[in-house]
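One structure is given below, encoded as structure tokens.
Taken together, the values in this text are just the output of simple stated rules run on the coordinates, not laboratory data. Here the structure is a predicted model, which means the values were calculated and not measured. Please note: Cβ atoms are built from the backbone with ideal geometry, for glycine as well, and neighbour counts cover all protein chains shown.
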Amino acid sequence: MRKLKRLYVLRHGNAQPYGYAHDESRELTELGVAEVKMAAQAFRERGEAIDVVFVSPYVRTSKRQRLF
């Protein structure tokens, strides 16, 4: 029997407020970093394997990928 594939869509976590010249420059806040770490822990506890990750080039999303 083949194992079913799962697709997870995650947001990047809480980010700095708008006010930059370019939205892609916004960083994760401390809360956002904590949110990402909690999500990563939940995946580990469930034994979920991540095969592929797609992220935008925005600062906050690439940081989320590194934290995960």
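Scanning segment 17-43 for residues that are of a type outside the set (Phe, Trp, Tyr) and within 16 Å of Leu7 (Cα to Cα) yields Ala39, Ala40, Ala42. For segment 46-68, the set of residues classified as of a type outside the set (S, T, N, Q), in a helix (DSSP H, G or I) and under 12 Å from the mean Cα position of the chain (by Cα) consists of Val59, Arg60, Lys63, Arg64, Arg66, Leu67, listed by residue number. Summed over segment 40-62, the residues that are under 19 Å from Gln16 (Cα atoms) and surrounded by 10 or more Cβ atoms within 10 Å (Cβ to Cβ) give a count of 7.
Residues in segment 1-45 that are out of contact with any helix residue (DSSP H, G or I) (no Cβ under 7 Å at 6 or more places or on another chain), in a helix (DSSP H, G or I), among the charged types (D, E, K, R) and more than 18 Å from Ser56 (Cβ to Cβ): Glu30, Arg44, Glu45.
Taken together, the residues in segment 1-29 that are more than 16 Å from Gln65 (Cβ to Cβ), surrounded by 10 or more Cβ atoms within 10 Å (Cβ to Cβ) and of a type in the set (D, E, K, R) amount to 1.
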